[in-house]
Structures are given as C-alpha cells and as structure tokens.
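K.L.:
What follows is a single structure, and I will ask about it in a moment.
The numbers here are math on the coordinates, done by the rules we state, and not lab data. It should be emphasised that the depicted structure is a prediction, and the values quoted were computed from it without experimental measurement. Methodologically, a virtual Cβ is constructed for each residue, glycine included, from the backbone with ideal geometry; neighbour enumeration extends over all protein chains shown.
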C-alpha cells in the first residue's frame, strides 16, 4: 500500500519470455493471521542480478524460501528455472543455488568436505564434485584453507564458503539471502566478484540485502518490499528519480549564521537549522558553490561540509519510512 | 539417490568422528559408569562381595567358649566379610557410629554353656539401620552361620543319640540272647531230667524183668533138673525092660532070618512048611514104655512139665515226675525306638535354566548401562544432531537441493544406527574382556535385541528432536524420558525389585524388552528363541516411534519451525 507522498509501486509483470529464470506472480503467503506476502510479482532474467530490498519483516526471506522450495506459497504463481512450484519442485531444485542468510555449513567438517557433500546433494557425481569443489574454492579464495575445519574460519571465510556451496553446481538461479552480513571488505569484494562472475555466465541472481551500496554496485534492478508488498521496483536510477528528492548540503559552522543569509539564493533553502549545524537543500549540484559562498559571506566559518545526493537509501526510507521493524522481524523469524 | 544417501551417511559419520566429546560419551563414559556401578551395586544383585567390597564385621566374643570359637573360625574363612575381632560391645558400637561397619555380631557370655545344657541362646546383631543392604547381607550370613552351627550341633546330638540307640539295641539283643540261653539251659535241664527219668524207668523195668526172668529161669532150671533126675531114675528103672525088649526084638528078627533061610533051603517045600507059632504080642503099654524116652515117659507118667509159676507182680517203682520248670517268658522287649532329632531343612538352589546360580553383576550392568548410554547417545546423536543441522542452517540449504530431504534424514538415522550398534558391540566386548560377562550360548543372538533397541532408540531420538524445538528443551525432555525408561525398564537394577504395577507399566518401554532379552540370553543362558519376541516388540516400538517422529518432524518442518 502506497503511503501518502510516496511513489506508487509499479507492478512488475513484464517478463522476457525466453530469458526469464524467475517468475513470480501474485505471490501470497500467510503466517497465521499475519500476511507475510500479499501479491508479490516480479521476474529475474538470466544473467541479471536483481536486488530484493526491504526492511526487516518485509517478506524478503519468505520470498526467497518459497523460491528455494523450502516454503510453499498460499497463492500465486512461481516458476524457477522454467519449473512451476511446487509441482515441479524437484526439477526446480536442480537449477537452484540457495545461499541462506545463516552460513549453512558443517563447522566440524573442512571446507572441501562441506563442498563435496553439498555437491553430492546437488546430484553431482563424485568426480565432478571433486573438480567443482576445487573450482569454487579458488573462486572464493579458500583453496589455501580447503582442508581446515570450518569451525576455525572467520566470518568472512564462512560467508565465502557459504556462497561457494550455493554455486558449486553452477546453478541457473542463485538465491542470495544477505550474503555479506558482517563480512570484511575484502571478503565482500570477493563475494561480489563471485556473484558477478556467475551472473556473467548467465545465472539469474536474486540478491536480498540491506546494504544499498551493494545494490547500487551489483544489481541491475531492485525490488523493494515492505509489509509483504512491492513498494517500488526498477533500476536504481529509476527509483531515485521516482522519489523526486533533491541534493542537500550539511554544513557545520564555527558560529551560528544570521537569519536570511540564504535569502538571495532561490535555488536553495534551509531544511534543518541547528546551532552551527545546517542542512540546505539545493535544486542542483551546480548551486552548491553559491551556497558555500553565501555562508562564508555571512560570516560563518565552515568547519565541515557534506554533500548528499539522492540515492537508493533515500528511496528506501522514502518508501518504507523510518519506523523500526524489530517486532515484525522477530515475528517473521518465528 | 544411493549416492546422496552414501554421501549423507559419510558426512554424519565424519561429524561424529570429529566430535571427540561425543565419542567419549559414547564409549568411555559408559565404561566408567559400568565399572563403578558394577562394583558399587554388586551387593544389590546378590553377588558375593570380595576384597575391598567385603563388609567389615566387628565380632565381640563375650562367650569365649566353643560356640564363639566356632563362629569366629567360620567367619574368618568367609570371603564376603572382613572380620574385626573387637574386645567389647562398646568398641563395636563405636565402629558402627564411625560408620566403619553396618553391623556387629556379639556372642553373649554363656552361649556355649546354654548350648551344652540344651538351652537356647541368642546371638546379638547390632545394626546401623541406614545400611540396609549391608545388614540384609550380614543378617543372611549370620543366619547361614547360625544354621551351620546348629546343624553341626544337631549332627553331633544325632550321632550321640544314634550311639545310645545302638548301645540300647545291643543291650536289648544281649538280654534277649541271655534270656534265650537261660531258656535253653532250662530246656536242657528239663530234657536231662526227662532223660534221667526215662532211664530210671528203663532200669526199673529192666531190673524187674531181669529179676522175673532170673526167678523164672531158676524155677525152670529147678523143674528141669528134677524132671531130668526123675527121667534118669525112670530110665534106670526101665533099662532091663528095654534090654529084654531089645533082645526079644533081636531074637524075633533072628528067627525071621532063620525062617527065611529055612524057606530058602526048603525050596519048593517051603510052602508046605507050617507056619511057625506067632510070638506073643507085646502089650501096648509095654511097647510105649519101651519106646518113649524119659521125657515122654515123665510127661506120661508125671504129666507134662509143670506150668510156669505165676509170680506175683513186681512192685512198680513210682518215679517222681520230671518237674516242669517254668519257661522264661520275657515280655517282648520293645524295639529301641529310632529316636531322631528333627532334620534340618536345607535349601538347594538350582537355576531353572541351567545358568550359574550366582549372578555376575556385570551380566546385568553391562547391558543395562550400555542401553542407558545408548539411548542417551541416541538422544544426543539424533535429536541434537538434527537441532545442529537446523541451527547450522544446513537443513534449510538441503531442503532446497535436489537430493530428497528424506535421504538426509534416513542417512542421519542410519548413521546413528551404525554408531549405536558399534557402541553396543564395543561395550559388550569390553565387558567380556574386562568383567567376564556372559554372552550366552549364542553370542551373535545378542545382535537381535541390540539392533532392536538401537532402532527404537534412534527413532525415539527423532521423536524428541521433532518435539523439542531447542537444545535447552531436548536435554530435559529426552533425559527425563530416557532416565525413566532405563530405570523402570530394569537397566539400573533388576526389574523384579519393582512393584508389580510398575513392572506392568514398564512393558510400555523398549528398555524393558531389551533387558528381558539380554537377561534371557546372558544370564539365563537361553537360546536365540528367547530373544525373538522381545526383539519383535522392540522393532514394533521403533516403527511406532519412527512414524510418530517423521510425522512430527514433517509437521514442524512444513510449518517452518
């Protein structure tokens, strides 16, 4: 449901018939009285990385679980890898690589043992399992630690191995549920590379995350969920443009600026005023120097200046609000 | 599918091997518990305590007599106790108060004398009621001891009684023999008297007959002498007559001869010759007189011989009758009664199945605690392993993978079955090597209840895993159920110690059936047949648990729990 002043969420219902690997239409799911998903529709084409964004409890994990054949939908149509769920779940699973939010690994086993086991569960033969394990270990840069128990791995290593387990059988559909939570930048970078590499091989990737910068960097499209419904969808640029937000400047001055100091600039207005701390919205980036000049001329000694351009986070907060969702998230996790 | 099953199985076995604590729990922990329980509960199972487990029994011998000595001697040779000779009751009580002993035996003064005088006596057993089992064992021991002493005393008394009876019997026989001999002597004396009387009668008769005969003979001789003398005189008187008659007869024959010759000479004329004159006829009386002999002449003249003189009867000698001595009529001597002391009632205990009477404690403890740890292992192995998978998130991933999720579940259960069977085999092997437990007549038959309880335990682990959503819930829930199952099912103590109603309740637990089969095979030494029904029940319980566990598990997983 669109809130006042928010952008009405477009219904994503246009699929590329041939290249579409994930098709979701009017998906519904309830947990008792609470509706987790209320008519979600989107698609992911082969070679495409689509972000699934939303606050806690928005329905991201539920969507991923249904696509991973772990949960069944109450209503709607789901096709994964061309197989309709849940009727063709077994065939669909052969196309799916699922990387759950938790590192779904056996801590007592080594990285190689984990990989080989999951390869066998993906119905690879023993020889292929061995070679595939070596391949993905190299991709996630764990080949040097392949024979160490996972229990001794850092979080970043476990996250990389978690991803490797999900992609060991070269899935046509990769479902990633917040794969970079808590990892160091190096591991995150390696994960990005691995995901991008798989996408370049033609896999359709649905990437659930809270990190906007990951989406902006990695994903070609975004599906923004809130309260079980899609509130926005499209490219990052489309979404940012959609919220019609303006750039802003945050100034910290040594002394408070006098009133009317910005009255001569029509393209700028103060949106927040505090003691030595101001936020000024400008019509465009070209107006920024004039604002700074005006501040200096008004006798303000600028101690700090930060420029904020409209981004996905703005879209996120604009579309979902700033209210905490802990309670709802906990309910969903139960 | 089989490849996935093998991989999942290998994964689960690998996980177990990496779990050092788990391995210790499965193997070393039960061995320690079995050892401790086997030794500490030895008396509970009726086994003989030995060595360090022998009870300390203070003995106060206030009697100082043979009874005390006998008790002391016997107790000193009793391996189930360590005898501590204590000079006074006070010191014995002090030992009890210091809990160094559970009971003390006092032989009160005068015990031996009372026994010797045939009076009863009382041994005093001072006890610490808290040490119930020790007291029970010692009481049994003292009872056996008392019984043995009484038995020995009774045996001696019986021997003395038998000796007295033999002596009485001998006396009785001697008396009977003497009486017989007296009777015999009397009979002989009477016979001798009778014989003497008969001889006297004989002699009397003979004397009388001899006298009569001599008298008659004398008379006959006198009569014959007179007749002879008469005959001789008659003969002498008649001799001239006879001579004349003889000459006459001679002359008559000579005449006839002459006449005959005359006639011969006369030839033909002889017929003419006249007949000679006939001689005169001799009178008959004269002829008889001449012809008869003296006897006949006497008889004719004097009559026949005189008839025997009728002698007057000889007086009969009236011998006194042989006295009839009375018979030695002894009253019948009663047989010496076979007086016997009441016999002792012995108890001979014989195993109905041919198994040894004494139980090796570990025959009960090894399977009992092995089953307990097996079930605990299953609880941890299956339920916690499933919870681990859930906590690790691997279930979530596996459910999105092509290999059927049931394969993963089956592999997990199968791995626990393999581990469980291996655990049981190992514990039994250690029990055999270390504690000498019996494996029964057909050791391989133990695999039947073993696989049965492993299957039931595995399936029960699934039930617990599906019922309890958290690790914190699994341990109390599973532990309570398993501890109850083990305790009530007879894993920790013989089930026969339990009241009847509890034994009936215990039939609802697989542990009861497993222990029944183990007891039959190991202790009662029965054959494979004895384990068939309990094993079937175990598999029945296992199937029930498995169905319930799968249903619960599926229900929860579908709910995304």
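K.L.:
Taking Cα centroids, how far is region A:49-66 from region B:502-549 in Å?
P.N.:
Region A:49-66 and region B:502-549 have Cα centres separated by 51 Å.
K.L.:
On to the next question. Mind sorting A:98, B:132, A:211 by how few other Cβ atoms lie within 10 Å of their own Cβ, fewest first?
P.N.:
Values: A:98 27, B:132 11, A:211 18.
Ordered from fewest to most neighbouring Cβ atoms within 10 Å, A:98, B:132, A:211 come out as B:132, A:211, A:98.
K.L.:
Given the DSSP H assignment, sum -39500 (n - 2.57) over each helix run of at least 4 residues in chain A and divide by its residue total; what's the result at 222 nm in deg cm²/dmol, nearest 500?
P.N.:
On the way: 11 runs with 109 residues, N = 334.
Calculated mean residue ellipticity at 222 nm is -9500 deg cm²/dmol.
K.L.:
Suppose the Debye formula is applied to equal point scatterers at every Cα of chain B; what is log10 I(q)/I(0) at q = 0.08 Å⁻¹?
P.N.:
-0.82
K.L.:
Now, a different point. Relative to the longest principal axis of chain B, what angle (0 to 90°, nearest 10) does the C-alpha long axis of helix B:471-488 take?
P.N.:
Orientation of helix B:471-488: about 10 degrees from the principal axis.
K.L.:
Cα convex hull of region A:189-331: mean projected area in nm², to one decimal? Walk me through the numbers before you get to the answer.
P.N.:
Working: hull surface 46.6 nm².
Computing the convex hull of the Cα atoms and averaging its projections yields 11.6 nm².
K.L.:
If each Cα of chain A is one equal point scatterer, what is log10 of I(q)/I(0) from the Debye formula at q = 0.08, 0.09, 0.13, 0.15 Å⁻¹?
P.N.:
Result of the Debye calculation: -0.46, -0.57, -0.96, -1.16.
K.L.:
Sticking with this one: Just report the Cα centroid separation between region B:156-205 and region B:428-470, whole Å.
P.N.:
86
K.L.:
Put a dot 7 Å past each Cα toward the Cβ at residue B:496 and residue B:282; how far apart are the dots in nm?
P.N.:
That separation, rounded to one decimal, is 14.3 nm.
K.L.:
Once you place label points 7 Å from the Cα toward the Cβ at residue B:176 and residue B:122, how far apart are they in nm?
P.N.:
My value for the distance between the label points is 4.8 nm.
K.L.:
Then there is this: What's the Cα-based Rg to Rh of region A:246-309, Rh via Kirkwood?
P.N.:
Rounded to two decimals, Rg over Rh is 0.90.
K.L.:
Taking R0 as 30 Å, what's the FRET efficiency between residue B:40 and residue B:532 from their Cβ-Cβ distance, rounded to 0.05?
P.N.:
Result of the calculation: an efficiency of 0.30.
K.L.:
Assign one of three labels to the protein assembly as shown, namely rounded, prolate or oblate, based on the Cα gyration tensor with a ≥ b ≥ c the square roots of its eigenvalues; rounded applies when a/c is under 1.5, prolate when it is not and a/b is larger than b/c, and oblate otherwise.
P.N.:
Because a/c hits 1.5 or more and a/b exceeds b/c, the protein assembly as shown counts as prolate.
K.L.:
Another question, then. Please work out the Cα center distance from region B:394-418 to region A:70-84, rounded to the nearest Å.
P.N.:
About 23 Å separates the Cα centre of region B:394-418 from the one of region A:70-84.
K.L.:
Take every DSSP beta bridge whose two residues both sit in the protein assembly as shown, then give the antiparallel share in percent to the nearest 5.
P.N.:
Details: 44 of 69 bridges.
In the protein assembly as shown, approximately 65 percent of DSSP beta bridges are antiparallel ones.
K.L.:
Using only C-alpha positions, report the orientation-averaged shadow area of the convex hull of region B:51-130, nm², one decimal.
P.N.:
5.3
K.L.:
Arrange A:221, A:93, A:170 by Cβ neighbour counts within 10 Å, fewest through most, would you?
P.N.:
Ranked by crowding around the Cβ, least crowded first: A:170, A:221, A:93.
K.L.:
First measure r as the distance between the Cβ atoms of residue B:347 and residue B:484, then evaluate 1/(1 + (r/R0)^6) with R0 = 51 Å and state the FRET efficiency to the nearest 0.05.
P.N.:
0.90
K.L.:
Based on DSSP H runs of at least 4 residues, each adding -39500 (n - 2.57), what is the mean residue ellipticity at 222 nm of chain B after dividing by all its residues, to the nearest 500 deg cm²/dmol? Don't jump to the answer; show the numbers that get you there.
P.N.:
On the way: 18 runs with 362 residues, N = 561.
Roughly -22000 deg cm²/dmol at 222 nm, from the helical runs in chain B.
K.L.:
In addition: Taking the Cα-to-Cβ direction at residue B:199 and at residue B:166 and moving 7 Å from each Cα, how far apart do the two end points lie in nm?
P.N.:
With each label point 7 Å from Cα toward Cβ, the separation is 4.8 nm.
K.L.:
Share of antiparallel DSSP beta bridges in chain B, in percent to the nearest 5?
P.N.:
On the way: 4 of 12 bridges.
In chain B, DSSP labels about 35 percent of beta bridges as antiparallel.
K.L.:
So what's the angle, to the nearest 10 degrees on a 0 to 90 scale, between helix A:155-167 and the longest Cα principal axis of chain A?
P.N.:
Around 60 degrees separate the two axes.
K.L.:
Right, something else. For the Cα atoms of chain B, what angle does the longest principal axis make with the long axis of helix B:529-558, in degrees from 0 to 90, nearest 10?
P.N.:
It is inclined by approximately 10 degrees.
K.L.:
For a footprinting-style exposure proxy, rank B:11, B:151 by other Cβ within 10 Å, fewest first.
P.N.:
In increasing order of surrounding Cβ atoms, one gets B:151, B:11.
K.L.:
Right, another one. Averaged across the residues of B:388-396, what count of C-beta atoms belonging to other chains lies within 10 Å of each residue's C-beta?
P.N.:
What the average comes to for B:388-396 is 5.
K.L.:
Could you tell me what percent of the DSSP beta bridges with both partners in region A:170-267 are antiparallel, to the nearest 5?
P.N.:
50
K.L.:
Here is a further query. At R0 = 45 Å, how high is the FRET efficiency between residue B:252 and residue B:223 if r is their beta carbon distance? Nearest 0.05 is fine.
P.N.:
0.70
K.L.:
If I stretch the segment between residue A:155 and residue A:31 completely, what's the gain in nm (0.36 nm per residue apart, minus their alpha carbon distance), one decimal?
P.N.:
Contour length minus Cα-Cα distance gives 41.5 nm.
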